[in-house]
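Asker: What follows is a structure written as structure tokens; I'll ask about it next.
The values are calculated or read from the model by the stated rules, or taken from the named source; none is laboratory data. Owing to the predicted nature of the structure, the values given are computational and were not obtained by experimental measurement. Note that we place each Cβ from the backbone using ideal geometry, even for glycine, and neighbour counts take in every protein chain shown. Side chains are part of the model used for accessible areas, which takes the heavy atoms of the whole protein and leaves out ligands, DNA and RNA. Shrake-Rupley method; radii C 1.70, N 1.55, O 1.52, S 1.80 Å.
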Amino acid sequence: MSLSLSATTEARWQKILDAYPEGRKRSAVIPMLIFAQDETGIITRELMEEIARRAEVEYLQVEEVVGFYSMLRKQPLGKYHVQVCTNISCMLAGGMELWQHACQSLHLGNKQTSKDGLISIEEVECMGACSWAPAIEVNYDFHHHVTPARFDEIIAEIKGKG
Amino acid sequence: MATTTAPPSVINAKLNGQDIQTKPGTLLINLTKELGIEVPAFCYYEGFSLQAACRMCLVQVNNSPKLLPGCTTIVTEGMVIETESPLVVEARKSMLEFLLVNHPLDCPVCDKGGECELQDMVFKYGAGESRFVDIKHHEPERPFSPVVYYDPARCILCYRCVRVCDEGYGVNALGVVNRGVLSEIAPNLGDQLNCDECGACIDICPVGALTSHTYRYKTRPWEMKHVGTTCAHCSNGCKTTLGVRNDEIMRANNRDASGLNEEFLCIKGRFGFDFNHHAERLQSPLMRVDGELQPVSWSKALAAVASKFNAVKSAGGKFGVVGSNHTSNEENYYLQKFARQGLGTNHLDHARTGDVVTLVDALSGKNGKLAVMADLYQTKAALVIGSDLAQQHPLLAYELRRNFRHHQARVYAMTPGPVREDSYAVAKARVPFGEELAALESWREALAKEPELLILFGDSIKGDAVRRLVDFGESLGIPVKYVALVDYANSRGAIDMGLVPELLPGYAASGQPGMTLPEMLADPKLDVLWVVGADPLAGAKLAGKPFVVVQDLFLTATAAAADVVFPAASAYEKKGTVTNVTGELQRLNAAVKTMGTKPDLEILGLLGKEMGLDLGIWIADAVLEEIRRNVRGYNVTMPILASGGAALTSPVNGRVNVASRPELIRSAGDTLFTSGTLTKYSQVLNSVPERPGQLYKPV
């Protein structure tokens, strides 16, 4: 097997696989994909084949799942993936302007990555943070009531961390 | 306060203003169907899991604020259903408009045009105008395999193909990838299929999204005439409906679900008809002149053979007659009559592929012990011994699987290697050929607990082993039925019609000595070897130098060594009957004609006439009448046969007083992609990438 994952990801996989009874390993497909993507940032054919083997499903069934969910990706994105919500609550609170600001300030379009591979942006649908609209999510970290000024600060922090 | 009430035995509801009653648990769409009210649907397909994907069957139900899909809604007490209300009519129209947003209007060139469900529904339910003004999303069509093509733009995502492949065949070769407008059907190897290549996905597709490579862009459905006949390949006896145009078979399917296979067909039934039009089909009699086979006229060839036969007969010479697993019952009956009465010889045999004789004998005095095709779907439990059903007996495998899906049939698989039945079998065991009977003892207890059992066995169980298997079955104390698996379209009919030296038609002992096939080939003093539709010299040599006469479709190894070759018509070119593996008699109907050929029955008749014999008229229907009168078990009901059904034959219920010849029984071990001598001449069977090889060939 050409695929090698860290011991941490392997442990997460094993834990989720053990959580389902024999013949029901299919349920572990989505978590396994996410855990692996957290580490590698991209879902490859080898990865899907390995998951199909371990979760005892056909390769095509994993492919179906990856194709369906937009947060599972076959193309690499930035180290920091900035997701801006423009769904109704956020839009009413300035989400659309925030998204336009993000595009213009970073010179990036939807699902595009900066040349140094550090930042990518995506316009997303509702993240369930309507009470704190407009919201953005950087990888797994939420930021609430984001204004264009606050957005610039967040980007500066990211660039500082590198 | 807990009160229990008995579940209701009848449900009262109101449908379009009429009071109706139905059984509890009835799906709304099935209720309307029973009452003759059409509720249109794409994704709903009887026998497969419910999908509710297409939203065409939305109906109005009193207590629901939204329209409900009829395909997943169960009729409940007091339900008020409207299937033709303005809201429902509007919804249908909108759904069709929605489906047509990206569906190309290429009906004039689409294979499905004229028999397309989407076309029919738009015609019936409207949506003549579209409000969609943007550019349609389009993806180019692409091959999934040498037989299956996919046109994503035409696909309406009903999931029928995915379900027939997963649930029906157990192959899991198709899926749906991406989301929303980008969704499309995908094959299991990314861009190619690795599957049974059966083409069921093509036939079940309600639109022209999945098309057949052999048929696409060749003809329109209404230009063909359709001829229902029986598949020429394996012993399962599927009914296949040939679409014929200008004396050419364009396609085969069984969309009207008639026949014992309903819609089921494998690659051979659906695409394997192409041998019929192979360029190497013989179209003229051939005679050896100066050591070379030369084309000659029918009259010259018939005269030559007749005079040779008469000369050998009057000199008391030795004839060897070899029959076929593919020719019709009428031809087999006439051939044995020709040999026994006309030539006065009992040296008559064919390639035996399963021990039906011992089974019939071992079951003497017991009634209803031979299973029929319907039993595969109905039995509570089945035991498969020594056969990879999905490869070798695809209809039996499909029916067993369907039985499991619908009735939770308990299947036991005892085979030398992994088989598809393993995935749902209650017990599986890897047992080498010949060791099955000993291994069965470990399952005795479990099997005895089943309410009934159906035992299917391959050619590893033969001779005495059949008797011991029957002893085992009968000792379980439950009702047991049996199927002796045989290879080809009329392997069963060849035995039933007495194409062996020891048996007359109907399993009556011949009482005459006669040479078997290997003995004929090994006899240096054989004067004539007459081979009708078989190829015994493929891999075998003649000991003597007999005059060899061959009737065949192609120049087989035997034909190439012959002195006279008659070009025979194929199973798709003649009338007659064949008997399938479960003893059911079905009709062959002539769909096409290949110039220069004659059906074997006619060749036999003409040869008999030329010899001055009186063997009776050689019209298939007349010979069938003779068979019905003379062959025990074949007095079948004619209307069933005439209406394209399968009539059950019932072999003798007494002892078969002959010595079993297990050493002569050997299955050819064909798979889904091989069909004996026909394999070589089917381009489709040779074009698919799957090569399961010769599975389970006994040593």
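Asker: Residue separation times 0.36 nm, minus the C-alpha to C-alpha distance between B:Ala622 and B:Ser130: what's the value? Please report the intermediate quantities before stating the final value.
Answerer: Working: separation 492, 0.36 × 492 = 177.12 nm, distance 6.02 nm.
The B:Ala622-B:Ser130 span can extend by a further 171.1 nm.
Asker: Okay, next question. If contacts are Cα pairs under 8 angstrom and at least 6 residues apart, what is the relative contact order of chain A in percent? Can you show the working numbers first?
Answerer: Values: 224 pairs, mean separation 28.6, N = 162.
This gives 18 percent for chain A.
Asker: Relative to the longest principal axis of the C-alpha atoms of chain B, give the angle of the C-alpha long axis of helix B:298-314, reported between 0 and 90° and rounded to the nearest 10°.
Answerer: 50 degrees
Asker: Once the piece of chain linking B:Ala557 and B:Lys300 is laid out straight, how much longer is it, given 0.36 nm per residue of separation minus the C-alpha distance between them? Can you show the working numbers first?
Answerer: On the way: separation 257, 0.36 × 257 = 92.52 nm, distance 2.31 nm.
Additional length available on full extension: 90.2 nm.
Asker: 7 Å from Cα along Cα→Cβ at both B:Ile74 and A:Glu10: what's the point-to-point distance in nm?
Answerer: Taking the simple label geometry, B:Ile74 and A:Glu10 are separated by 4.8 nm.
Asker: Give me the accessible area per residue for region B:357-485, probe 1.4 Å, as a whole number in Å². Intermediate results must be reported in sequence, preceding the final value.
Answerer: Numbers: 4570 Å² over 129 residues.
Result: 35 Å² per residue.
Asker: For chain B, find the longest principal axis of its Cα atoms and tell me its angle to the long axis of helix B:464-475, 0 to 90°, nearest 10.
Answerer: Here the helix axis deviates by roughly 40 degrees.
Asker: Averaging sequence separations of C-alpha pairs under 8 Å and six or more residues apart, then dividing by the length of region B:357-485, give the relative contact order as a whole percent.
Answerer: Numbers: 208 pairs, mean separation 40.9, N = 129.
Once divided by the residue count of region B:357-485, the mean separation gives 32 percent.
Asker: Here's a follow-up. Using a loss threshold of 40 Å², tell me which positions in region A:45-59 are less accessible in the complex than in their chain alone. Probe radius 1.4 Å, ligands and nucleic acids ignored.
Answerer: Buried on complex formation: A:Glu58.
Asker: Next question. Which far-off residues, 5 or more places away or on another chain, put their amide H under 5 Å from the one on B:Lys428, with H placed in the peptide plane?
Answerer: Result for B:Lys428 returns B:Ala413.
Asker: Would you be so kind as to identify which of B:Ala448, B:Gly291, B:Cys54 lies farthest towards the positive end of the dipole of the protein assembly as shown, taking Lys and Arg as +1 and Asp and Glu as -1 on Cβ and the Cα centre as origin?
Answerer: Farthest towards the positive pole: B:Gly291.
Asker: Where a ≥ b ≥ c are the square roots of the eigenvalues of the C-alpha gyration tensor, would you call the protein assembly as shown rounded, which needs a/c under 1.5, or, failing that, prolate if a/b is larger than b/c, or oblate?
Answerer: prolate
Asker: Something else about it: Would you kindly state how much longer the chain becomes between B:Ser94 and B:Glu280 on full extension, computed as 0.36 nm times their sequence separation minus their alpha carbon distance, in nm to one decimal? Don't skip to the end; give the middle numbers.
Answerer: Details: separation 186, 0.36 × 186 = 66.96 nm, distance 5.41 nm.
Full-extension gain reported as 61.5 nm.
Asker: Tell me, what % of the accessible area of region B:465-521 is carbon and sulfur with a 1.4 angstrom probe?
Answerer: The nonpolar share, carbon plus sulfur, comes to 57 percent.
Asker: Any idea of the total accessible area buried by the B-A contact, 1.4 Å probe, rounded to 100 Å²? Let's see the in-between values first.
Answerer: Numbers: alone 28070 and 9260 Å², together 36500 Å².
Summed over both sides, the interface buries about 800 Å².
Asker: A:Glu39 to A:Cys103: FRET efficiency via 1/(1 + (r/R0)^6), r the Cβ-Cβ distance, R0 30 Å, to the nearest 0.05? Let's see the in-between values first.
Answerer: Numbers: r = 29 Å, r/R0 = 0.96.
The calculated FRET efficiency here is 0.55.
Asker: Among all helices in chain A defined by DSSP H, which have a length of 15 Å or more along the axis from Cα atoms plus a Kyte-Doolittle mean of at least 0.5? Please report the intermediate quantities before stating the final value.
Answerer: Numbers: long enough: A:7-18 (16 Å, -0.78); A:29-40 (16 Å, 0.89); A:95-106 (16 Å, -0.17); A:148-161 (20 Å, -0.35).
Membrane-span-like by this rule: A:29-40.
Asker: Same structure, new question: How long are the semi-axes of the ellipsoid equivalent to chain B, from square roots of 5 times the Cα gyration tensor eigenvalues, in whole Å, largest first?
Answerer: Working: eigenvalues 489, 194, 99 Å².
That gives 49, 31, 22 Å for the three semi-axes.
Asker: A follow-up question, please. If DNA, RNA and ligands are ignored and the probe is 1.4 Å, what is the ranking of B:Arg401, B:Arg179, B:Arg160 by accessible area, most exposed first?
Answerer: Values: B:Arg401 40, B:Arg179 110, B:Arg160 10 Å².
So, going from the largest accessible area down, we get B:Arg179, B:Arg401, B:Arg160.
Asker: Tell me the carbon and sulfur percent of the accessible area for region B:117-277, rounded to whole percent, probe radius 1.4 Å. Walk me through the numbers before you get to the answer.
Answerer: Details: 3160 of 6030 Å².
Ligands and nucleic acids excluded, carbon and sulfur give 52 percent.
Asker: Using a 1.4 Å probe, how large is the accessible area of B:Cys54, given in Å² and rounded to the nearest 10?
Answerer: Around 10 Å² of this residue is reachable by solvent.
Asker: Can you give the helix-only mean residue ellipticity at 222 nm for chain B, where every DSSP H stretch with n ≥ 4 adds -39500 (n - 2.57) and the sum goes over all residues, rounded to the nearest 500 deg cm²/dmol?
Answerer: On the way: 22 runs with 171 residues, N = 699.
Calculated from helices alone, the mean residue ellipticity at 222 nm is -6500 deg cm²/dmol.
Asker: Now for a separate question. Using Cα-only point scatterers and the Debye equation, what is log10 of I(q)/I(0) for region B:5-72 at each q in 0.15, 0.18 Å⁻¹, rounded to two decimals?
Answerer: -0.52, -0.74
Asker: How far is helix B:394-407 tilted, in degrees, relative to the longest principal axis of the Cα atoms in chain B, given as a value from 0 to 90 rounded to the nearest 10?
Answerer: 40 degrees
Asker: Long-range amide H contacts for B:Ala381: which residues qualify at under 5 Å (H placed 1.01 Å from N, peptide plane, sequence gap of 5 or more or a different chain)?
Answerer: B:Arg410, B:Glu452, B:Leu454
Asker: How large is the dipole of the protein assembly as shown about the Cα centre if only Lys and Arg carry +1 and Asp and Glu carry -1, each at its Cβ, rounded to the nearest 20 debye? Could you put the intermediate results ahead of the total?
Answerer: Numbers: 86 positive and 99 negative charges, 291 e Å.
The dipole of the protein assembly as shown has a size of about 1400 debye.
Asker: Another question, if that's okay. Count of lysine pairs in region B:11-99 with Cα atoms under 20 Å apart, counting only pairs 8 or more residues apart in sequence or on different chains? Numbers along the way, then the final one.
Answerer: Working: B:Lys14/B:Lys23; B:Lys14/B:Lys33; B:Lys14/B:Lys66; B:Lys23/B:Lys33; B:Lys66/B:Lys93.
Here the count comes out as 5.
Asker: OK, next. Gap in Å between the Cα centre of region B:612-652 and the Cα centre of region B:40-84?
Answerer: If we compute the Cα centre of each part, the gap is 48 Å.
Asker: Please state the relative contact order of chain B as a whole percent: Cα pairs under 8 Å, 6+ residues apart? Provide the component values of the computation, followed by the final result.
Answerer: Details: 1495 pairs, mean separation 100.9, N = 699.
Answer for chain B is 14 percent.
Asker: Out of the trypsin sites (Lys or Arg not before Pro) in region B:222-320, which ones are loop residues according to DSSP with at most 16 other C-beta atoms within 10 Å? Don't skip to the end; give the middle numbers.
Answerer: Details: sites: B:Lys225, B:Lys239, B:Arg245, B:Arg251, B:Arg255, B:Lys268, B:Arg270, B:Arg281, B:Arg288, B:Lys300, B:Lys308, B:Lys313, B:Lys318; in loops: B:Arg255, B:Arg281, B:Lys318.
Listed in order of number, the matching sites are B:Arg255.
Asker: Let me ask something else. Need the list of lysines near A:Lys159 for cross-linking: C-alpha distance under 29 angstrom, and skip anything on the same chain fewer than eight residues off.
Answerer: Straight-distance partners of A:Lys159: A:Lys74, A:Lys79, A:Lys111, A:Lys115.
Asker: So which GluC sites (Glu not before Pro) in region B:1-81 end up in coil per DSSP with only 10 or fewer other C-beta atoms within 10 Å?
Answerer: Details: sites: B:Glu34, B:Glu38, B:Glu46, B:Glu77; in loops: B:Glu38, B:Glu46, B:Glu77.
Sparse-neighbourhood loop GluC sites (Glu not before Pro): B:Glu46, B:Glu77.
Asker: Further question: In nm, to one decimal, how far is the modelled label at B:Ala439 from the one at A:Ala19, with both set 7 Å along Cα→Cβ?
Answerer: For B:Ala439 paired with A:Ala19, the spin-label model returns 4.0 nm.
Asker: For B:Val531, enumerate residues with amide H under 5 Å from its amide H, sequence gap 5+ or separate chain, H modeled in the peptide plane.
Answerer: B:Val322, B:Val549, B:Val550, B:Gln551
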